[in-house]
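The values are calculated or read from the model by the stated rules, or taken from the named source; none is laboratory data. Just so we're clear, the structure is a prediction, and the values are computed from it rather than from any experiment. Here the Cβ is made from the backbone with ideal geometry for all residues, glycine too, and neighbour counts use every protein chain on show. What goes into the accessible areas is simple: the full protein's heavy atoms, side chains included, and nothing from ligands, DNA or RNA. Shrake-Rupley method; radii C 1.70, N 1.55, O 1.52, S 1.80 Å.
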Amino acid sequence: MASKKEIKETGATFTPKGLAEFLSIKLSSRISEGPIKILDPACGDGELLLAIGKILVSKGIDFKLVGYDANDEYLDKAKERLNKEGILSYDLIHNDFLDAIELSTVQMSLDFNGTKPNDSSINGTFDLIIANPPYVRTQLLGAEYAQRLSRKFNLKGRVDLYYPFLVAMTECLRTGGNIGVITSNRYLTTKSGESIRKFLSENYEILEVIDLGDTKIFEAAVLPAIFIGRKNRSTLPSKAAFTKIYEELNGYNGEIQSANDVFEILNNEAPGYFQSKAKKYKKSTGYLKYTVSSTSTWKMFSEAETDWVRRVENGALFKIKDLFKVRVGIKTTADKVFISDSWNRLSKEIPENEILKDLISQENIQKWAIGDNLQLKVLYPHTVINGKRSTVDLRDFPMALKYLKGNEEILKARKYVIDAGREWFEIWVPQNPEYWSLPKLIFPDISPNPRFCFDKHGRIVNGNCYWIVALEDQEIDLLYLIEGIGNSKLMTKYHDLVFNNKLYSGRRRYFSQFVENYPIPNPDSASSKEIIKIVKKLNANTFPEEKEILEKQLEINVANSFGVEPVLNLD
């Protein structure tokens, strides 16, 4: 078993036996005769090869297993395990699969412009691929290796190692061959996963997607997903089976089926709520509707949910991004220097109050309100001069200058700041200082439930939050409308269906790319005007009993504004 250090540095996340058996059953059901050649490009100790091999032996199908791994100790273990089970038709290769594969053209890259056959000995030769490639950012693999991968696969920016593995595996698979691959689920919904979604839709008939979310089936902090597909180019829109299993902590008290573990839930065809030991899981089934070459997020729909989403979107007048920019908060890249809740504990180097600003962070934000625990302040050395963002003149703030000088070594270590032509004491992402004094809507990046709140006190927003600013007075009521819509159960249901992005323990991500695509109804409708009135009351720190009444009224008016039924409870 890989150590925690190995997992972090190499992405080695060995496949649990139950998951290997589940994926092998799925793939073997598509095999009726041999001989068949099977590849695992990062086989580790052989769990996936062992699982698929045992099933094919029991079915009497002739096969050969091929496994690659750069770690010879893992391969020795895999060989021992296969021999012990009497599986002798295998070839275990001590090599980095990404080095071994020859790409047919430079286009066979993360640009995903297509492939052409070449003379590589392994390209297009496998009938089936079963894989759990490493999950690690290429930047963490060492400069030399990362640069070599970048050149070979034309990688750009922050890319996970399983991206080039998907490309290389596709190159090895024959047309009509099947693939079952376990990866991080990030590519399903993130902007950085657009190229992967496009590539998979262009090169595969997608058979099934299984999002295992926060089930914690790996020792590493990985949110896994399974992709099953058949290599076959098509231009036609299609749909595939989609399953999600997430730990649910929402107070559900209905029928619950018992299960020994998550793998038993996986193998149970029925959706519903399950309990395994002290944890409850919700299993949802539906389908992925996708268009070839589309970069849209992958989400799960039932027929009824598809119709509901369509009705909500048809009832909208615009999306948030049509009128507003959703901005991330400040990014200092040296929080221990710039941000503190105890500046007054500095003995003689307390920066001047004029340069210490109140900072709203995710822990301060409540639904409808900023909390009272505003202890955080940020040393903010930015201002506006002649309409342009600039740094303050630190000669006007001698105590701040002394403090920053005391941390000069740390701040100058941020070489990217210097290389960008910036002052060594600057915040890396300070945003526009002029905007902080304007009315703004703020919400945290990660939260179990929506927490949109309003700020009129000129506070700065931390980088674990997002914000929308009203640049004109007439936009303020629009922000109140967005606040009401964003905090509603209806929009939470829409968020879950369309963006499909829960983390551990039911926490949601509120990326700008999600929230900016929220549909918003006509602000001039009677229901929208009522929403604005209700939100202003909710923002005024009402009593709990009154708040409960107002929130029920809000849900009714939000539903009326879109022309759908109120969402009073979330499953």
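The table below lists the values:
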{"read-out": "So Pro448, is it open to solvent by 10 Å² or more (accessible area, probe 1.4 Å), touching a helix residue (DSSP H, G or I) at 6+ places or on another chain (Cβ under 9 Å) and more than 20 Å from Lys331 (Cα to Cα)", "value": "yes"}
{"read-out": "Scope the range 51-73; condition polar (S, T, N, Q) and farther than 15 Å from Glu85 by Cα; matching residues", "value": "Asn71"}
{"read-out": "Residue that is farthest from Arg345 (Cα to Cα) [pool: residues in the range 375-406 that are assigned to a loop (DSSP other than H, G, I, E, B) and under 34 Å from the mean Cα position of the chain (by Cα)]", "value": "Pro381"}
{"read-out": "Some residue of the range 453-460 being under 30 Å from Lys493 (Cβ atoms), among the hydrophobic types (A, V, I, L, M, F, W, C), open to solvent by 10 Å² or more (accessible area, probe 1.4 Å) and not in a loop (DSSP other than H, G, I, E, B)", "value": "yes"}
{"read-out": "Leu471 vs. criteria more than 23 Å from Leu570 (Cβ to Cβ), open to solvent by 40 Å² or more (accessible area, probe 1.4 Å) and either modelled with pLDDT of 95 or more or touching a helix residue (DSSP H, G or I) at 6+ places or on another chain (Cβ under 6 Å) (or both)", "value": "yes"}
{"read-out": "Within the range 391-403, considering residues that are free of Cβ contacts under 8 Å to residues at least 40 places away in the same chain and open to solvent by less than 40 Å² (accessible area, probe 1.4 Å), the one nearest to Glu423 (Cα to Cα)", "value": "Thr391"}
{"read-out": "Count - residues of the range 58-67 that are closer than 25 Å to His94 by Cβ and surrounded by fewer than 24 Cβ atoms within 10 Å (Cβ to Cβ)", "value": "3"}
{"read-out": "Pairs with Cβ under 6 Å, 6+ apart, first in the range 343-357 and more than 11 Å from Ala400 (Cβ to Cβ), second open to solvent by less than 40 Å² (accessible area, probe 1.4 Å) and in a loop (DSSP other than H, G, I, E, B)", "value": "Lys357/Tyr380"}
{"read-out": "Of the criteria (1) modelled with pLDDT under 75; (2) open to solvent by 30 Å² or more (accessible area, probe 1.4 Å); (3) among the small types (Gly, Ala, Ser); (4) over 26 Å from Arg30 (Cβ atoms), which one Ser121 fails", "value": "(4)"}
{"read-out": "Set Lys493, Lys502, Lys547: member being open to solvent by 20 Å² or more (accessible area, probe 1.4 Å), under 16 Å from Ala316 (Cβ atoms) and either at pLDDT below 95 or in contact with a Pro (Cβ under 8 Å, 6 or more places away or on another chain) (or both)", "value": "Lys493"}
{"read-out": "Qualifying positions in the range 542-553 - touching a helix residue (DSSP H, G or I) at 6+ places or on another chain (Cβ under 9 Å) and not β-branched (Val, Ile, Thr)", "value": "Glu546, Lys547, Leu550, Glu551, Gln553"}
{"read-out": "Ile226 closer than 29 Å to Gly506 by Cβ, buried (at least 16 other Cβ atoms within 10 Å of the Cβ), touching a residue at least 60 places away in the same chain (Cβ under 8 Å) and more than 16 Å from the chain's Cα centre (by Cα)", "value": "no"}
{"read-out": "Whichever residue in the range 72-98 is in contact with a strand residue (DSSP E or B) (Cβ under 8 Å, 6 or more places away or on another chain) and either in contact (Cβ under 8 Å) with a residue 40 or more places away in the chain or part of a loop (DSSP other than H, G, I, E, B) (or both) and, among such residues, is surrounded by the fewest Cβ atoms within 10 Å (Cβ to Cβ)", "value": "Asn95"}
{"read-out": "Residue pairs meeting the criteria (Cβ under 6 Å; at least 6 apart or on separate chains; first touching a residue at least 40 places away in the same chain (Cβ under 8 Å) and open to solvent by less than 20 Å² (accessible area, probe 1.4 Å), in the range 233-246; second part of a loop (DSSP other than H, G, I, E, B) and of a type in the set (A, V, I, L, M, F, W, C))", "value": "Phe242/Met300"}
{"read-out": "Conditions (1) in a strand (DSSP E or B); (2) open to solvent by less than 40 Å² (accessible area, probe 1.4 Å); (3) under 22 Å from Leu188 (Cβ atoms); number of the one not met by Tyr273", "value": "(3)"}
{"read-out": "Criterion: surrounded by 15 or more Cβ atoms within 10 Å (Cβ to Cβ) and modelled with pLDDT of 85 or more - qualifying residue of Ile55, Ile101", "value": "Ile55"}
{"read-out": "Selection within the range 538-571 - in contact with a Phe, Trp or Tyr (Cβ under 7 Å, 6 or more places away or on another chain) and in a loop (DSSP other than H, G, I, E, B)", "value": "Asn539, Val564"}
{"read-out": "Filtered residue count, the range 1-48, keeping only those that are of a type in the set (Ser, Thr, Tyr), at pLDDT below 90 and open to solvent by less than 30 Å² (accessible area, probe 1.4 Å)", "value": "1"}
{"read-out": "Any hit, the range 334-351, residues being within 25 Å of Phe499 (Cβ to Cβ) and open to solvent by 40 Å² or more (accessible area, probe 1.4 Å)", "value": "no"}
{"read-out": "Pairs with Cβ under 8 Å, 6+ apart, first in the range 448-460 and of a type in the set (S, T, N, Q), second open to solvent by less than 50 Å² (accessible area, probe 1.4 Å)", "value": "Asn449/Thr492; Asn449/Arg508"}
{"read-out": "Filter result for the condition that a residue is in a strand (DSSP E or B) and farther than 30 Å from Thr243 by Cβ, over Asp358, Asp322, Asp372", "value": "Asp358"}
{"read-out": "Among residues of the range 517-535, those that are acidic (Asp, Glu) and buried (at least 17 other Cβ atoms within 10 Å of the Cβ), counted", "value": "1"}
{"read-out": "Leading residue by the ranking (nearest to Met300 (Cα to Cα)) among those in the range 161-202 that are open to solvent by 10 Å² or more (accessible area, probe 1.4 Å) and without any contact (Cβ under 8 Å) to a residue 40 or more places away in the chain", "value": "Arg186"}
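Per-residue answers, yes or no, for (1) surrounded by fewer than 14 Cβ atoms within 10 Å (Cβ to Cβ); (2) modelled with pLDDT under 95:
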site: Ser293; (1), (2): yes, yes
site: Phe301; (1), (2): no, yes
site: Asp307; (1), (2): yes, yes
site: Ile320; (1), (2): no, no
site: Asp372; (1), (2): yes, yes
site: Leu379; (1), (2): no, no
